[in-house]
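The block underneath contains the structure these notes are about, expressed in structure tokens.
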Amino acid sequence: PVGAPIDSDWWRQAVVYQIYPRSFADSDADGMGDLQGIISRVGYLTSLGIDAVWLSPFYPSALADGGYDVDDYRNVDPRLGTLDDFDELVRALHDARIKLIVDIVPNHTSNRHEWFLEALAAPKGSPARDRYIFRDGTGLDGSGPPSDWDSVFGGSAWAQTEDGQWYLHLFAAEQPDLNWGNAEVRADFLKTLRFWSDRGVDGFRVDVAHALVKDLTEPLPSKTTLPRQSESNGLHPLWDREEVHEIYVEWRKVLNEYDPPRTAVAEAFVPATRRARYASAEGLGQAFNFDLLQADWDFDRFREVIKENLALAELNGSSSTWVLSNHDVVRHATRYGLPKDPAGAWQDGKAWLLSNGTEPTVDVEQGLRRARAAVLLMLALPGSAYLYQGEELGLQEVGELPAANLQDPAYFRSKGAEKGRDGCRVPLPWTIGGLSFGFGSGGSHLLQPRWFGSYSVEAQEGDASSTLSLYRKALAVRRGLRTGEGLEWVDGTAWALNFKRPGGWQSVTNFGAAPVELPDGAVVLASGPLEGAKLPTDTTAWLI
Ligand code: ISL
């Protein structure tokens, strides 16, 4: 009812739908999605039954990294709209009872941000340079980078400026890292949090939240002596340092000035055991758990991941988060259809080619079957679920983008060893045919393949067995059944993950090759056809 108090704990069990705005819907025929495009699809979001939208960066950007290179944190990319459009989007979503989370990118600005332009124009050692991480080079003439560190996208993490100094960039060279020891940097991000909170956003997704603070004490250690990023335990000079939490404690105070408090979710690639700090109530409050996203379709691994994360959530007072796909990884409907790679190369979701260098054949049917089972499993778990646009269509990765059309820096740096992340960012198909499959009337910035129309919203709308229908039903059922955080395992069914939730409902997923007997109860929803009283392989059923 209108006027009812907003539950400040809404995020604990929320289903959040990620929109990659340049690829969602294009209202002005420039081939790029925009805010009015999203507004025109609020009805679709309502029909899905999600609780919140997470909007990837929509800020002014040269798109060196899909918008994660921000020119101006308190504005809208003119190709995507205006601040008025943003306000209209907030209103439209809120009228539809959908919350809005925006992306914030604090580790680096773009190289076109006014601060970086000032830094380049300013002399060595100036306050303008202190907002970033500038160092002299090594070697007699300073012509070598300050250290041998690599950027995440490949190549050196240092780039040289015209006057010979070097600046640190953990990602693309167009994304210079900020110096979080600088008071002005800290203050400015608080201003940005307030700017969007005042405009009504409900929360923030914090990009590479574990990267902000660096220890650059000389001499800089060689990469050969450093722990792996994923096992850093606070000892790495670049990632997941303890001091980073001081920043989030400061942020939390600002976020709590609002009613209801604004939520925040950390994107931090850290071991599960180090996630709690990011998810603590004194800090951001929630952190992504990428363990399912990085798991092969495997009974033991899924069970282990779920158990570990539920236990952790109980310990840290946050709630679990579950993710199968996002804009950085190969879509899971495709991952689950890839042949096993002995080296496990695709498991982090990024690589496309098998480790022996061949292009894999995707078993589309298997991939879709497992993707449907996986989402029912994920949605049955306590905690919040993050969906990525297009997964509700069972959309496959686009593996056939022509090289000339690729945009992702990961692709350019790795010289074709992998295809980069563009294949999951191709604009959504809304209609079976027509220009850009209904994305817009100005073409599509990443080329849609011919088969896209068969995955379109239009193609699935009236089909009760479609993946879109499955998502809608699952979200509606989940909403009706939503009950606390509890979960009780039912052991004894080999190869089946079987658990009960408070309120008397049960979820069973069959990872084995043979059909398993279903427990007693009425099946309210299944990810695929049942065989009488049996649950076929790669299928999830919900029972009451
Ligand atoms: O550091 C990593 C592992 O070595 C990466 O997985 C990293 O955490 C991840 O790439 C961060 O992604 C986010 O920030 C990037 C951007 O390209 C991605 O799209 C975004 O999701 C830089 O802003």
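The values are calculated or read from the model by the stated rules, or taken from the named source; none is laboratory data. Please read all numbers here as calculations on a predicted model, not as lab measurements. Neighbour counts run over all protein chains shown; Cβ positions are idealised from the backbone, glycine included.
On the basis of being farther than 19 Å from residue 386 by Cβ, part of a helix (DSSP H, G or I) and at pLDDT 90 or above, does residue 246 make the cut? Reasoning before the result, please.
Working: farther than 19 Å from residue 386 by Cβ: yes; part of a helix (DSSP H, G or I): yes; at pLDDT 90 or above: yes.
Considered against the rule, which asks whether it is farther than 19 Å from residue 386 by Cβ, part of a helix (DSSP H, G or I) and at pLDDT 90 or above, residue 246 comes out as yes.
I'm trying to understand the selection: among the residues of the range 28-72, which are among the aliphatic types (A, V, I, L, M), more than 16 Å from the ligand (Cβ to nearest atom) and farther than 28 Å from residue 435 by Cβ?
Within the range 28-72, just 52 meets the criteria.
Go through the range 243-279 and give me each residue that's among the hydroxyl-bearing types (Ser, Thr, Tyr) and surrounded by fewer than 19 Cβ atoms within 10 Å (Cβ to Cβ). So that I can check it myself, show each step before the final result.
From the range 243-279, those among the hydroxyl-bearing types (Ser, Thr, Tyr) are 248, 258, 263, 273, 278; that's our starting set.
Those that are among the hydroxyl-bearing types (Ser, Thr, Tyr) and surrounded by fewer than 19 Cβ atoms within 10 Å (Cβ to Cβ): 258, 273.
Answer yes or no as to whether residue 292 is buried (at least 20 other Cβ atoms within 10 Å of the Cβ) and either in contact (Cβ under 8 Å) with a residue 40 or more places away in the chain or in a helix (DSSP H, G or I) (or both). First the steps, then the outcome.
On the way: buried (at least 20 other Cβ atoms within 10 Å of the Cβ): yes; either in contact (Cβ under 8 Å) with a residue 40 or more places away in the chain or in a helix (DSSP H, G or I) (or both): yes.
Taking the combined requirement at face value, the residue satisfies it.
With the condition kept exactly as written, say whether any residue in the range 227-236 is modelled with pLDDT of 95 or more and under 15 Å from residue 287 (Cβ atoms). Write out each step before concluding.
So in the range 227-236, the residues modelled with pLDDT of 95 or more come out as none.
No, because not a single residue in the range 227-236 is modelled with pLDDT of 95 or more and under 15 Å from residue 287 (Cβ atoms).
If we keep just the residues of the range 228-241 that are exposed (fewer than 14 other Cβ atoms within 10 Å of the Cβ) and free of Cβ contacts under 8 Å to residues at least 12 places away in the same chain, which is farthest from the ligand (Cβ to nearest atom)?
Residue satisfying both the conditions and the ranking: 235.
Pick from the range 73-101 the residues that are within 16 Å of the ligand (Cβ to nearest atom) and outside any strand (DSSP E or B): which of them is surrounded by the most Cβ atoms within 10 Å (Cβ to Cβ)? Spell out the reasoning first.
Kept after step one, since they are within 16 Å of the ligand (Cβ to nearest atom), are these residues of the range 73-101: 73, 77, 101.
The next check asks that each one be outside any strand (DSSP E or B); those that pass are 73, 77.
Details: 73: 20, 77: 23.
Result: 77.
For the range 183-198, check the following and say yes or no: at least one residue is surrounded by fewer than 22 Cβ atoms within 10 Å (Cβ to Cβ), out of contact with any Phe, Trp or Tyr (no Cβ under 6 Å at 6 or more places or on another chain) and part of a loop (DSSP other than H, G, I, E, B).
Scanning the range 183-198, I find no residue that is surrounded by fewer than 22 Cβ atoms within 10 Å (Cβ to Cβ), out of contact with any Phe, Trp or Tyr (no Cβ under 6 Å at 6 or more places or on another chain) and part of a loop (DSSP other than H, G, I, E, B), so the answer is no.
For the range 1-45, name all the residues that are on the phi > 0 side of the Ramachandran plot and modelled with pLDDT of 95 or more.
Scanning the range 1-45 gives 29, 31.
Contact list please: Cβ distance under 6 Å, first residue in the range 143-171 and among the acidic types (Asp, Glu), second residue assigned to a loop (DSSP other than H, G, I, E, B), pairs at least six apart or on different chains.
Hits for this filter: 148/222; 150/157.
For the range 261-276, what are the residues that are in a helix (DSSP H, G or I) and within 16 Å of the ligand (Cβ to nearest atom)?
Restricting attention to the range 261-276, the residues satisfying the condition of being in a helix (DSSP H, G or I) are 272-274, 276.
Residues satisfying the conditions are 272, 274.
For residue 132, all conditions in the list (1) under 22 Å from the mean Cα position of the chain (by Cα); (2) under 22 Å from residue 240 (Cα atoms) hold save one; what is the number of the exception?
The failed condition is (1).
With respect to residue 148, determine if the residue is within 25 Å of residue 408 (Cα to Cα), surrounded by 18 or more Cβ atoms within 10 Å (Cβ to Cβ) and charged (D, E, K, R). Lay out the reasoning, then the answer.
Working: within 25 Å of residue 408 (Cα to Cα): yes; surrounded by 18 or more Cβ atoms within 10 Å (Cβ to Cβ): no; charged (D, E, K, R): yes.
Judged against the criteria, residue 148 is not a match.
Picking from 96, 64, which residue would you name as being more than 30 Å from residue 474 (Cα to Cα) and at pLDDT 95 or above? Before you say what the answer is, go through the steps one by one.
Values: 96 fails: more than 30 Å from residue 474 (Cα to Cα).
64 is the lone residue from the list that is more than 30 Å from residue 474 (Cα to Cα) and at pLDDT 95 or above.
Could you please give the count of residues in the range 314-345 that are small (Gly, Ala, Ser), farther than 25 Å from residue 56 by Cβ and away from the ligand (no atom under 16 Å from the Cβ)?
Here is the first cut: in the range 314-345, the residues small (Gly, Ala, Ser) are 317-320, 325, 333, 337, 343-345.
Retained after the next criterion (residues that are farther than 25 Å from residue 56 by Cβ): 317, 337, 343-345.
Subsequent filtering for residues that are away from the ligand (no atom under 16 Å from the Cβ) retains 317, 337, 343.
The total comes to 3.
Looking for something of a type in the set (A, V, I, L, M), in contact (Cβ under 8 Å) with a residue 24 or more places away in the chain and outside any loop (DSSP other than H, G, I, E, B) - is there at least one such residue anywhere in the range 54-66?
The first filter runs over the range 54-66 and keeps only residues of a type in the set (A, V, I, L, M), leaving 55, 62-64.
Cutting the leftovers down to in contact (Cβ under 8 Å) with a residue 24 or more places away in the chain gives us 55, 62-64.
Then drop every residue that is not outside any loop (DSSP other than H, G, I, E, B), which leaves 55.
Yes: the range 54-66 contains one or more residues that are of a type in the set (A, V, I, L, M), in contact (Cβ under 8 Å) with a residue 24 or more places away in the chain and outside any loop (DSSP other than H, G, I, E, B).
Please work out which residue is farthest from residue 222 (Cα to Cα), limiting yourself to the range 186-210 and to residues that are touching a helix residue (DSSP H, G or I) at 6+ places or on another chain (Cβ under 9 Å) and within 16 Å of the ligand (Cβ to nearest atom).
Going through the qualifying residues, I end up with 204.
Please specify each residue of the range 26-40 satisfying the condition of being in a loop (DSSP other than H, G, I, E, B), in contact (Cβ under 8 Å) with a residue 60 or more places away in the chain, buried (at least 17 other Cβ atoms within 10 Å of the Cβ) and of a type outside the set (A, V, I, L, M).
Answer for the range 26-40, where residues must be in a loop (DSSP other than H, G, I, E, B), in contact (Cβ under 8 Å) with a residue 60 or more places away in the chain, buried (at least 17 other Cβ atoms within 10 Å of the Cβ) and of a type outside the set (A, V, I, L, M): 26, 27, 31, 33.
Any chance you could count how many residues in the range 116-142 are without any contact (Cβ under 8 Å) to a residue 60 or more places away in the chain, more than 16 Å from the ligand (Cβ to nearest atom) and not in a loop (DSSP other than H, G, I, E, B)? Can you show your working first?
First, pick out the residues of the range 116-142 that are without any contact (Cβ under 8 Å) to a residue 60 or more places away in the chain: 117-132, 134, 136-142.
Narrowing further to those that are more than 16 Å from the ligand (Cβ to nearest atom): 117-131, 134, 136-142.
Cutting the leftovers down to not in a loop (DSSP other than H, G, I, E, B) gives us 117-121, 127-130, 134, 138.
So the answer is 11.
Could you check, for the range 211-222, whether at least one of its residues is away from the ligand (no atom under 16 Å from the Cβ) and touching an Asp or Glu at 6+ places or on another chain (Cβ under 7 Å)? Show your work before the answer.
The first filter runs over the range 211-222 and keeps only residues away from the ligand (no atom under 16 Å from the Cβ), leaving 215-222.
With the extra rule that they be touching an Asp or Glu at 6+ places or on another chain (Cβ under 7 Å), the set shrinks to 222.
Checked the range 211-222: at least one residue is away from the ligand (no atom under 16 Å from the Cβ) and touching an Asp or Glu at 6+ places or on another chain (Cβ under 7 Å).
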